[in-house]
1. Show that you can apply the helix-only estimate: for the chain, add -39,500 (n - 2.57) for every DSSP H stretch of four or more residues, divide by all residues, and state [θ] at 222 nm to the nearest 500.
2. Take the Cβ-Cβ distance between residue 31 and residue 141 as r, set R0 to 30 Å, and report the resulting FRET efficiency rounded to the nearest 0.05.
3. Using the Karplus curve 6.51 cos²θ - 1.76 cosθ + 1.60 with θ = phi - 60°, what ³J(HN,Hα) values do you get for each residue of the stretch 71-85, in whole Hz, with x for Gly and Pro?
4. Over the Cα atoms of the stretch 336-523, compute the convex hull volume and normalise it per residue, giving Å³.
5. Can you put 472, 328, 451 in order, fewest other beta carbons within 10 Å first?
6. Quick one: which residues, 5+ away or cross-chain, put their amide H under 5 Å from the amide H of residue 498? H built at 1.01 Å from N.
7. Between the helical axis of 472-484 and the dominant principal axis of the chain, each derived from Cα atoms, what acute angle in degrees is found, rounded to the nearest 10?
8. Taking Kirkwood radius over Cα pairs in Å as the quantity of interest, determine which of (i) 24.3; (ii) 31.6; (iii) 28.5 was computed from the displayed structure.
Amino acid sequence: MTDILKKKSEWVWPFLILLLISVIMFGMNRIIDMILIKSGMNVFSALYNEEVGNLTNTLGGLGELVSSVLGIEITVLAIIVQLAANKYSSKVMELFIEDRVNFIVISIYVVTAINTVLVSNTISNQSVPYFSITFCLALIVTSLLIVIPHFNYVFNFLRPNNFLGYVKDKVLKNIKNLSEGKKKYSYAVKEDISESVNFIGDIALNSVIQGDRATTLQCLAILREITVKYLGYKKDLPANWFKMSGLEYFDPDFSSYSRFVMTVIENKKIFLERKVFRLFEMLFSYARVNLRDVASGVLLNSELIASGAVKADDKGALYCVFQYFNSYLRISIREKDPRSAFNTLEHYRILAEELLDEDPYEVENISYYFKYYGQEANKNQVLFIIETAAHDLCVINELAYEKKVPNIKSLLQMFLTVDEPLEEGGEKNISQKESSLIGVRIAQAKLAGFYLLKGDIELARVIFEDMKIEPYSRIAKIQEIIFNTKEEEFWEITPRGINFNYVAPERREALQEFFSWFAKPSS
C-alpha cells in the first residue's frame with residue numbers, strides 16, 4: 001500500500017504543483033488587468049494592434065508553437081538521456097528527472113502553454129487583457145530563448161563527471177546529516193546511500209566492459225573519496241546504521257555471504273567498506289588482463305582508503321583492506337597473473353610503510369601475508385612473486401630499522417622464513433624454484449649489507465646464521481649476481497622500474513664483509 005501511494009505521489013504532486021502555479025499566475029494577471037482597465041491606465045495597450053481578432057489568432061498560434069517546441073524538446077531529451085542510460089546505468093534517467101533545473105525548464109514550457117490557452121480564450125472586444133497578453137508573450141519568448149541553453153545544460157549534465165559528482169555530493173550530504181543528527185536514521189536513508197554506491201559501481205563496471213578507462217578511474221576515485229570521508233563521520237553515526245536488518249541479504253554485494261560473515265561485518269562496523277571493496281574486487285577481476293591501468297587504479301584507491309582508515313584509527317576498516325589486498329593476491333595467483341600480484345605487493349608494501357609510524361605491530365601481519373602468498377605463488381608455479389615479496393620485505397625491514405620501531409627483530413625473523421625448502425620433483429621444477437629462492441636470498445643479503453652499513457653487526461649475524469646452511473656454490477652465485485648488476489633501473493618497462501638485484505656501491509663494500517663470513521670449502 002505504501003509503495004502504491006509513493007508511486008502515485010511521484011506524478012500527483014508535480015501535477016498539482018503545475019496546476020496551482022498556472023491557476024495562481026492566471027488569476028493574478030486577471031486581477032492586474034481588471035485594476036488597469038478600471039483605472040484607465042492600461043499602458044500596455046500601446047504595444048499591440050487594436051484588432052482583437054489579430055491578437056487572438058497571434059496568441060493562439062504562439063501557444064501552438066510553444067507546444068510544438070515542448071514536444072521537440074521532450075523527444076530529443078528522451079533520446080539523449082536514454083542513450084546515456086543504456087551506456088552507463090538506468091538510474092541516469094532518474095537523476096535527470098530529479099534534477100531541479102530540468103524540472104523547472106519543462107515546467108516553464110507547460111505553464112506557458114496553459115497560460116497561453118487561458119489568456120487567448122479571455123480576449124473580447126469589451127475587455128482586452130493587455131497585461132496578461134504581455135506577460136504571456138514574455139513567457140513565450142523566455143521558452144524559446146532557453147531551448148539552446150537547456151540543451152547545452154543537458155549535454156553537460158550527462159557527462160559522467162557531472163552526474164557522478166551530483167551523486168557523490170548527495171551521498172556525503174546524507175552521511176554528514178546522519179552523523180550530525182540533522183537527519184533521523186531510517187532504513188530508507190541507508191538504502192538510498194547503498195543504491196547510490198551501486199549506481200557508481202554499475203557505471204564503473206559498464207565502463208570497463210566498454211573499455212572506457214577514464215570513466216572507470218573516475219568512479220574509483222569517487223568511491224574512494226566517499227569512503228575516506230565516511231571514515232571521518234563514522235564514529236558519530238547512529239548505532240542502527242551498523243546493524244544488519246536482514247534486508248541486506250537481498251543486496252547483490254552481500255547476497256552470497258553466510259550469516260557468520262554478516263555478523264562479522266556488523267560487529268566490525270564495516271558495512272559501507274565491504275560494499276565499496278566488493279565493487280573494487282569485481283573491477284580488479286574484470287580489468288586485470290585487458291585494462292591494467294584500471295586494475296592499478298583499484299590498488300591505488302585501496303591503498304588510499306587504507307591510509308584514511310589509519311588516520312581515523314579504524315581497525316575494522318583496516319582489517320577489511322587487508323582482506324581485500326589478500327583477495328587481490330589470491331585472484332592473481334589463481335589466474336597465473338604474476339604482473340597483477342607484482343603490482344598488488346607494491347601498494348600493500350606502501351601501506352605497511354605508513355603503518356610503521358602508526359602501528360608497527362600490524363606490519364607483522366602484513367609480513368606474514370607476504371610470506372604466505374609468496375609461498376602459495378611458488379607452489380602454483382607463479383614464480384616471480386615470492387622473489388618480489390622478499391624484496392618488498394627487505395624495504396620494510398630497512399625502513400623499520402631507520403624508524404627504530406620496537407619489533408625490528410620480529411619483522412626480521414618473519415622475513416627470514418619467507419624462503420621454503422626445495423620440494424622433490426623434476427629437474428626443471430627444482431631449477432625454477434631454486435631461481436626464485438635465490439632471489440629471496442639476494443634480498444636477505446641486501447638487508448645484511450644495510451645492517452653492516454649502519455654498523456649493526458648483531459642483526460647482520462642473524463641473517464648470516466640463517467643463510468649459512470646454504471651450499472657455498474649458491475652463496476657464490478648470489479654474490480656474483482649482486483656484484484654483476486650495475487644498473488639500478490630495470491632494462492624493460494615495468495610499473496616499478498627497479499632492478500631488484502641492484503645494490504648501491506657503498507652497500508657492496510659492506511657486503512664484501514658479509515660474504516667473507518661464509519667458509520669456502522677446501523678443494
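No value in this document is a laboratory result; all are computed from the given coordinates. Since the structure is predicted, the reported quantities are computational estimates derived from the model, not experimental observations. Cβ: placed from backbone, ideal geometry, glycine included. Neighbour counts: every protein chain shown.
1. Details: 21 runs with 399 residues, N = 523.
The per-residue figure over the chain is -26000 deg cm²/dmol.
2. Details: r = 23 Å, r/R0 = 0.77.
That pair, residue 31 with residue 141, gives E of 0.85.
3. Using θ = phi - 60°, the values come out as x, 5, 4, 5, 5, 5, 5, 4, 5, 5, 5, 5, 4, 5, 5 Hz.
4. On the way: hull volume 23.4 nm³, N = 188.
Taking the convex hull of the Cα positions in the stretch 336-523, it is 124 Å³ per residue.
5. Numbers: 472 12, 328 26, 451 22.
Going from sparsest to densest Cβ surroundings: 472, 451, 328.
6. Residues meeting the amide H criterion: 490.
7. The two axes meet at around 50 degrees.
8. Step by step, Kirkwood radius over Cα pairs in Å for this structure corresponds to label (iii).
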